Amino acid sequence: MGMLPEEVVPVRLMATVWADTSGLHDDLRTREDLDAWLDDVGLERGSRHSSSSELALARRLRDAVRRLAAQVTADDRQPPAVDLDTALGDLNELVTHLPVPQLTVAAGKLQATSSRGASPIVTGLAGVAQESIALLGGPDAAKLRACYAPGCVLYFMKTHPRREWCSVACGNRARAARHYEKIRSAR
Ligand SMILES: [Zn+2]
């Protein structure tokens, strides 16, 4: 199970880069990782396994949404992995892989179909790109937050006014760090 399973899919994609006391971790390093992530968030991949180009696409999308989340949240925790224009370009390119409705005629009868060609995995990632565009460029962007618990690199949706951290564990660590700081400065 990946990080922050309660969050929306774009935020869960951002959370495939996470950190603990041993450093940064990446949940999308291999094609098997991508298969597991797609299953985890409930994206259909049929009987297919991810290809290396699909892994590269997923990683580009992930880096893009993290970069754009940093923009939205004025996140200054770490230097961005990609520049803003690259992130926008990658996101806007990927969304064009969504199936497009088409009208065809066969034996005088009109029929609605949709464009094909892309694999279910590319289509699924394009769907995540679409959701990311709606999130980052829509009213919900105001709820997106960077988690400032010590060492955390995650983003989360501020779903209620008192929520300050991505997770209970981060809240506990942040409170412990504050407490420790208070004790130290009182000495
Ligand atoms: Zn956190």
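The values are calculated or read from the model by the stated rules, or taken from the named source; none is laboratory data. Given the structure is predicted, the values throughout are model-derived calculations rather than measurements. Cβ atoms come from the backbone with ideal geometry, glycine included; neighbour counts cover every protein chain shown.
The table below gives the values:
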{"quantity": "Hits in segment 96-139 (condition: charged (D, E, K, R) and either in a strand (DSSP E or B) or more than 11 Å from Pro10 (Cβ to Cβ) (or both))", "calculated": "Lys109, Arg116"}
{"quantity": "Residue match in segment 140-157 (condition: closer than 27 Å to Asn92 by Cβ, within 16 Å of the chain's Cα centre (by Cα), away from the ligand (no atom under 16 Å from the Cβ) and part of a helix (DSSP H, G or I))", "calculated": "yes"}
{"quantity": "Total residues in segment 43-54, condition over 17 Å from Arg12 (Cβ atoms) and at pLDDT 95 or above", "calculated": "5"}
{"quantity": "Near pairs, Cβ below 9 angstrom, 6+ apart or cross-chain, from segment 64-82 (assigned to a loop (DSSP other than H, G, I, E, B)) to any residue that is among the acidic types (Asp, Glu)", "calculated": "Pro80/Asp63; Ala81/Asp63; Val82/Asp63; Val82/Asp90"}
{"quantity": "Scope segment 93-129; condition under 26 Å from Ala146 (Cβ atoms) and without any contact (Cβ under 8 Å) to a residue 24 or more places away in the chain; matching residues", "calculated": "Glu93"}
{"quantity": "Options Leu28, Leu4; residue that is at pLDDT below 95, surrounded by 18 or more Cβ atoms within 10 Å (Cβ to Cβ) and either assigned to a helix (DSSP H, G or I) or within 14 Å of the chain's Cα centre (by Cα) (or both)", "calculated": "Leu4"}
{"quantity": "When residues of segment 159-179 are limited to those that are touching a residue at least 24 places away in the same chain (Cβ under 8 Å) and part of a loop (DSSP other than H, G, I, E, B), the one farthest from the ligand (Cβ to nearest atom)", "calculated": "Ser167"}
